[in-house]
1. If you check residue A:34 against the conditions, is it more than 10 Å from chain B (Cβ to nearest Cβ) and within 26 Å of residue B:39 (Cα to Cα)?
2. Could you figure out which of (1) under 22 Å from residue B:104 (Cα atoms); (2) within 13 Å of the chain's Cα centre (by Cα); (3) surrounded by fewer than 17 Cβ atoms within 10 Å (Cβ to Cβ) isn't true of residue A:84?
3. Can you list the strands (runs of 3 or more DSSP E) lying wholly within the stretch B:9-74 that have 2 or more residues being free of Cβ contacts under 8 Å to residues at least 40 places away in the same chain?
4. Among the residues that make up the stretch B:85-105, is at least one of them assigned to a loop (DSSP other than H, G, I, E, B), at pLDDT below 95 and over 30 Å from residue A:30 (Cβ atoms)?
5. Within the stretch B:19-31, track down each residue that is on the phi < 0 side of the Ramachandran plot and either more than 11 Å from chain A (Cβ to nearest Cβ) or modelled with pLDDT of 95 or more (or both).
6. Just to be sure, is residue A:57 surrounded by 20 or more Cβ atoms within 10 Å (Cβ to Cβ) and more than 11 Å from chain B (Cβ to nearest Cβ)?
7. When you scan the stretch B:38-57, how many residues do you find that are over 11 Å from the mean Cα position of the chain (by Cα) and either under 28 Å from residue A:3 (Cβ atoms) or within 14 Å of chain A (Cβ to nearest Cβ) (or both)?
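The values are calculated or read from the model by the stated rules, or taken from the named source; none is laboratory data. From a predicted model like this one, the values you see are computed outputs, not experimental measurements. As a convention, Cβ positions derive from the backbone with ideal geometry for all residues, glycine included, and neighbour counts pool all protein chains shown.
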């Protein structure tokens, strides 16, 4: 069965510093992978998605993610974080056998140090 | 504006008192889904619907009911709420024109069952 692991529950980085949020997945075939962001008091918004092709995916708000099949990872990166990036981030994998069903990781809460 | 709306946003109720959380989308999406979000567990799918009159169980359906009589609406019904259903609930919708289209999320409903 598919699963998603986000090993970091909470991360704090300084404003302007680079960011990397980790995501590992378990899936037998080529996965469909997503990163969502949840700002305080808001619903989830899609940052980026990977289905196939170029393993480096660009998303909104200056985020990118790299699919590494050999490591079963799909880590999210941003070169320079802003205070407005403070939020909870969810990695998710699509379940091929059921269109549109998505399995979410447990989330990583990002805090920004001024 | 394309959106998913949920009502109410906040609800405090008592054990056993039936309640309904409404969800409506204005994007003519075929797929709709309900999730609950609990600390450390990410989002878990309760029920989903592929189209009008087509619903199916997700990962945690016990204690919930849904209906899909119209394409735009997908209410979540708790016939006899219990304290373990205290959670943050999200409704989401997506188009089925392509596999794994982006899911659009509502703002969430925070439910407390006393």
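1. Values: more than 10 Å from chain B (Cβ to nearest Cβ): no; within 26 Å of residue B:39 (Cα to Cα): yes.
It is false that residue A:34 is more than 10 Å from chain B (Cβ to nearest Cβ) and within 26 Å of residue B:39 (Cα to Cα).
2. (2)
3. Working: elements: B:10-13, B:19-25, B:31-38, B:42-51, B:54-57.
Counting at least 2 such residues, we get B:42-51, B:54-57.
4. Step one: of the stretch B:85-105, the residues assigned to a loop (DSSP other than H, G, I, E, B) are B:86, B:95-103.
Subsequent filtering for residues that are at pLDDT below 95 retains B:95-103.
Those left that are additionally over 30 Å from residue A:30 (Cβ atoms): none.
No: the stretch B:85-105 contains no residue that is assigned to a loop (DSSP other than H, G, I, E, B), at pLDDT below 95 and over 30 Å from residue A:30 (Cβ atoms).
5. Initial filter on the stretch B:19-31 (on the phi < 0 side of the Ramachandran plot): B:19-27, B:29-31.
B:19, B:20, B:21, B:22, B:23, B:24, B:25, B:26, B:27 - these are the residues of the stretch B:19-31 that are on the phi < 0 side of the Ramachandran plot and either more than 11 Å from chain A (Cβ to nearest Cβ) or modelled with pLDDT of 95 or more (or both).
6. In short, yes.
7. Our first condition is that a residue be over 11 Å from the mean Cα position of the chain (by Cα); within the stretch B:38-57, this holds for B:38-43, B:50-57.
Those still in the list that are either under 28 Å from residue A:3 (Cβ atoms) or within 14 Å of chain A (Cβ to nearest Cβ) (or both) too: B:38-43, B:50-51, B:54-57.
Looking only at that region, the number is 12.
Residue-wise test of (1) under 24 Å from residue B:54 (Cβ atoms); (2) at pLDDT below 95; (3) surrounded by fewer than 20 Cβ atoms within 10 Å (Cβ to Cβ).
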site	(1), (2), (3)
A:80	no, no, yes
A:98	yes, yes, yes
A:103	yes, yes, no
A:112	no, no, yes
